[in-house]
Amino acid sequence: MTAPAVSISEQDADALGGDDSILMRQRRDHARLDAMMNRCLSEDLPPGELDALWMDIVQLVFSHAFAEETVLWPLLRRVSPDGEELTRQVEAEHQAVNDLVARIERSPDDPRRAEWIRQAFALIRQDIRDEEDELLPRLRTAFDDRKLRRIGAAWEAVRATAPTRPHPGVPRRPPGNALRGVPLSAFDRLRDLAPGSGPAARRASLAAAGVAAGGAVVLAVRSARRHG
Ligand SMILES: [Fe+2]
Ligand SMILES: [Fe+2]
C-alpha cells in the first residue's frame with residue numbers, strides 16, 4: 001500500500017527538493033497566478049489595468065500548461081500507475097481553459113465576458129488544486145532532489161519558448177503539441193510585443209523565435225526523458 005499523497009502546498013522547500021526543483025517552481029507560478037486572478041476580480045482595480053493584467057494571466061497560464069504537457073505529464077505517466085488517469089483529467093482542464101479563453105478573446109464586447117472570466121479563473125484554481133494535491137506529490141515520490149531540479153530546468157526551458165495564447169486545435173500531448181504548438185509560439189510572442197517594429201524586423205524575430213523555440217523544446221524533452 002502506498003501512503004496517501006501529501007499536498008505540495010503543505011511541504012517546505014527542503015522537502016520539495018530546494019528552490020529550483022520543479023515542485024517549488026510550480027508552487028511559485030501558482031501563487032503568482034492566484035494573486036493576479038484575485039487582483040483582476042478586486043473591486044478597486046483601475047479600469048485601465050484590467051487589459052494588461054488579463055494579458056499577463058493568459059501568457060502565464062498557457063506557457064505554464066504547455067510546458068507541463070510537454071515535460072511533466074509524460075514523465076508522470078511513466079512513473080505512476082494512475083498517471084494516465086490523472087494526466088487525462090488535467091489535460092481536460094487545460095483544454096476547457098483553452099476553449100473558454102479563446103471565446104473571451106474572440107468576443108471583447110460580449111456582455112457574458114465577465115462571467116466567462118470568472119469561469120476560467122475557477123477552472124484554473126481547480127487545475128492548481130489537482131496538481132498540488134495529486135499529481136505533483138507523485139513526482140516527489142518518484143524522483144530524488146537532483147532529478148526534481150533537472151526536471152525543473154527542463155520545464156523552465158520549454159516554458160520560456162512555449163505558446164502564450166489559446167490554440168484550441170493543438171493536441172495536448174507530445175509529439176503533436178510540440179509539432180503544432182511550438183511554431184505558433186513564435187507568432188504569439190510577436191503579438192505579445194508592442195506593435196511598431198517594421199515587417200523586416202518582425203520577419204527576422206519570427207525566424208529567430210521559431211528556431212529557438214523548436215530547439216529548446218527538443219533539448220529539454222530529451223534531457224527530461226534521459227534523467228527521468
Ligand atoms: Fe501547474
Ligand atoms: Fe496546469
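Below is a table of values for the structure above.
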{"quantity": "Spin-label model distance (nm) - residue 44 vs residue 130, 7 Å beyond Cα toward Cβ", "calculated": "3.6"}
{"quantity": "Sites residue 160 and residue 7, calculated FRET efficiency, Cβ-Cβ separation with R0 25 Å, nearest 0.05", "calculated": "0.35"}
{"quantity": "In Å, descending, principal axis extents of the Cα set of the range 1-136", "calculated": "52, 28, 22"}
{"quantity": "The range 134-158-the range 35-101 distance, computed between alpha-carbon centres (Å)", "calculated": "18"}
{"quantity": "Relative contact order (%) - the range 49-151, alpha-carbon pairs under 8 angstrom, separation at least six", "calculated": "31"}
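Bear in mind that the values in this text are calculations on the coordinates, not laboratory data. Note that the structure is a prediction, hence the values are computed from the model and not measured. Backbone-built Cβ (ideal geometry, glycine too); neighbour counts: all protein chains shown.
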